[in-house]
Amino acid sequence: DANSILPQIGDTLVYLTGGTKDEVIDPADIKVGEPPKLAYPMDPKTKEVRNGSRLNLLLVARLPADDVEKDTESLAADEIVAYSAVCTHNGCVISDINETEHEFVCNCHGSTFDAGNRGAIVEGPATRRLAILPLKEGAGELTVAADFIGRLGPPR
Ligand code: FES
């Protein structure tokens, strides 16, 4: 199915939560310190949202510029980053960012990941970083720049 294949280069990100569902995310609407948006990639030509696999669920957030390390910066659109939203511990959907404004927290068992540092583990029980989806900023949208880097989801 076209809607369950992984994000493709050139796909546009659309909201699942945090904005109008299936609407294109305008980077200007993503602010530092807000809860991360849950998003899916969409084929810009057919407008098909690739929501057929939960491994396509994305966490999208804008980070404080000072907290974005060099090798993450090149994968971000300005300071907006996209990561796999599926926790690498046991597969819960991650939905929170903590008071640092750059660490994602999984509410199931508290795993914490540094979104400014390629999704590195800050705190377990997860033992593997989050996969990052490289972005570039288009005109009023966020575009997938390359395939996911890293393995998706919990260990199988
Ligand atoms: Fe996320 Fe356990 S599933 S911490």
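The values are calculated or read from the model by the stated rules, or taken from the named source; none is laboratory data. What you see is a predicted model, and the numbers here were worked out from it, not measured in a lab. Heads up, the Cβs are rebuilt from the backbone with ideal geometry, glycines too, and the neighbour counts pull from every protein chain shown. Accessible surface areas use protein heavy atoms only, side chains included; no ligands, DNA or RNA. Shrake-Rupley method; radii C 1.70, N 1.55, O 1.52, S 1.80 Å.
General observations
- Annotation for segment 63-115: GluC sites (Glu not before Pro) lying in DSSP loop with at most 10 further Cβ atoms inside 10 Å of their Cβ are GLU99.
- Geometric descriptor of segment 62-156, per residue, is 90 Å³ (volume of the convex hull of the Cα atoms).
- In range of the label at LYS47: residues from segment 1-25 whose backbone nitrogen is under 13 Å from the point 7 Å along Cα→Cβ: 22-24
- For the chain, the carbon plus sulfur part of the accessible surface works out to 47%, probe radius 1.4 Å.
- On a per residue basis, segment 6-92 carries 44 Å² of accessible surface, using protein heavy atoms and a 1.4 Å probe.
- When +1 charges are put on Lys and Arg Cβ atoms and -1 charges on Asp and Glu Cβ atoms, the dipole computed for segment 94-156 relative to its Cα centre reaches about 460 debye.
- Overall Cα dimensions of segment 1-148, principal axis frame, Å, largest first: 40, 31, 26
- Spin-label model distance (nm) - VAL93 vs ASP29, 7 Å beyond Cα toward Cβ: 1.7
- DSSP-loop trypsin sites (Lys or Arg not before Pro) across segment 1-47, with at most 14 other Cβ within 10 angstrom: LYS21, LYS31, LYS45, LYS47
- Choice from VAL81, VAL144, VAL32 with maximal GNM fluctuation in the chain (Cα, 10 Å cutoff): VAL32
- Mean separation of Cα contacts under 8 Å, 6 or more apart, over the residue count of the chain: relative contact order %: 24
- The GluC sites (Glu not before Pro) found in segment 112-147 include none that occupy coil by DSSP while having at most 12 further C-beta atoms within 10 Å.
- Taking amide H atoms as placed 1.01 Å from N in the peptide plane, the amide H of VAL122 lies under 5 Å from those of THR112, PHE113, ASP114, each 5 or more residues away in sequence or on another chain.
- Once both labels are positioned 7 Å from their Cα atoms along Cα-to-Cβ, the gap between THR100 and ASP22 label points is 3.7 nm.
- Spatial separation of Cα centroids for segment 116-135 and segment 1-60, in angstrom: 19
- Placing +1 on the Cβ of every Lys and Arg and -1 on the Cβ of every Asp and Glu, with no other charges, gives the chain a dipole of roughly 720 debye about its Cα centre.
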